Amino acid sequence: GVAATSHNSNFMRIKSMIFGGRASTSSTPRISNNTSTNNGVNMLMALGAMLSLLATFKTETLGSTAKLLRSLSTWYLTRLEMAPLVTKSLSGGLIAFLGDYGAQWFEYKQSSSDKSSSRSERSNNDNVIPNPSDRASRFVSTSPRAGGSTLQQPSKRKHNPFSIRGTYNLRRSLARSLECILISSPLMHYGYDLFESLLPVSSSFAALAHVVADSVFLDGIFVGTGIIATGIMEGHSLKREVLPNLRNVYVPTLKASVATSSALMPLQFLSFRFLPVQLRVLSVNAVDLVWTGVVSFVSHGGGRGHHHRELGVSE
């Protein structure tokens, strides 16, 4: 009898811990425990229904995205079969356009960081306590009644992190895109065909040889033609600006190109090893999105000042 009483007491204590009710044999707490159980079951059912709806929505969204990607890939492969050179050139030009935008965005961020540091230095200098006459003259000069400017309230509008805020040079991006359409992509098209005819990719060694040839020979040509062609298309003088800029920035740009190509070499190796030759231009251009941004940044005098970047002349 004592063991049974102890067992019932422990059972009621555990029951009270689970359902939050008081351990009692009366009918009222039992009703409360049943209500708590029903509420928990209802909440679980509602949560399950929400998860089911969310899973259905995600499945439909992923299905639509996959269908769109299949349609685009089918369309691209069809165009690639009908007009391979034109298709490769246009897709390469689009990627070059995006790469130059990334380069200009990085230049903008670098310039904004430099301006912020200079403003911080000026504010530190302003923390020096001026004498009363300077303080009074500053107050009068900045007073609205004296024609001074009022304090501007900070804008509450959300800023797009990818925006360049009016400093974007569209002509420069178009020049980089046209250079890729007219020079780089056709050279890649015929160059990759030549590599394949000389050494077909039937092994990893052959694929690695293609990657090295692309990074050493073709990239060296691309850097030079990119500096000259984009400089001319941007409206700069060939003799006074483009050629001096070529002499100054070709070697640093080539070094940046080799470093970037070395970092991207594993992806390029996969492109040459497992993709057919007709898809390699698109794949390499997509991988070289970062390469294009780096080359555009360095060839325009990245870090040398806004004035020299716009003129295409290095310091």
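Tell me, yes or no, whether region 291-304 has at least one residue that is open to solvent by 50 Å² or more (accessible area, probe 1.4 Å) and either at pLDDT 80 or above or part of a helix (DSSP H, G or I) (or both).
no
Answer yes or no as to whether Ser215 is polar (S, T, N, Q), surrounded by 15 or more Cβ atoms within 10 Å (Cβ to Cβ), in contact with an Asp or Glu (Cβ under 6 Å, 6 or more places away or on another chain) and touching a residue at least 40 places away in the same chain (Cβ under 8 Å). Let's see the steps before the verdict.
On the way: polar (S, T, N, Q): yes; surrounded by 15 or more Cβ atoms within 10 Å (Cβ to Cβ): yes; in contact with an Asp or Glu (Cβ under 6 Å, 6 or more places away or on another chain): no; touching a residue at least 40 places away in the same chain (Cβ under 8 Å): yes.
No, not satisfied.
Mind listing whichever residues of region 218-235 are surrounded by fewer than 19 Cβ atoms within 10 Å (Cβ to Cβ) and either among the hydroxyl-bearing types (Ser, Thr, Tyr) or not in a helix (DSSP H, G or I) (or both)?
If the condition is that a residue be surrounded by fewer than 19 Cβ atoms within 10 Å (Cβ to Cβ) and either among the hydroxyl-bearing types (Ser, Thr, Tyr) or not in a helix (DSSP H, G or I) (or both), then Thr225, Gly235 are the ones that fit.
The rows are residues; the columns are (1) buried (at least 21 other Cβ atoms within 10 Å of the Cβ); (2) without any contact (Cβ under 8 Å) to a residue 12 or more places away in the chain; (3) in contact with a Gly (Cβ under 6 Å, 6 or more places away or on another chain); (4) not aliphatic (A, V, I, L, M).
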position: Leu182; (1), (2), (3), (4): no, no, no, no
position: Glu196; (1), (2), (3), (4): no, no, no, yes
position: Ser202; (1), (2), (3), (4): no, yes, no, yes
position: Lys239; (1), (2), (3), (4): no, yes, no, yes
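The values are calculated or read from the model by the stated rules, or taken from the named source; none is laboratory data. Please read these numbers as outputs of a predicted model, since none were measured by experiment. Note that each Cβ is placed from the backbone with ideal geometry, even for glycine, and that neighbours are counted across all protein chains shown. In case anyone asks, the SASA skips ligands and DNA or RNA and just uses the protein heavy atoms, side chains included. Shrake-Rupley method; radii C 1.70, N 1.55, O 1.52, S 1.80 Å.
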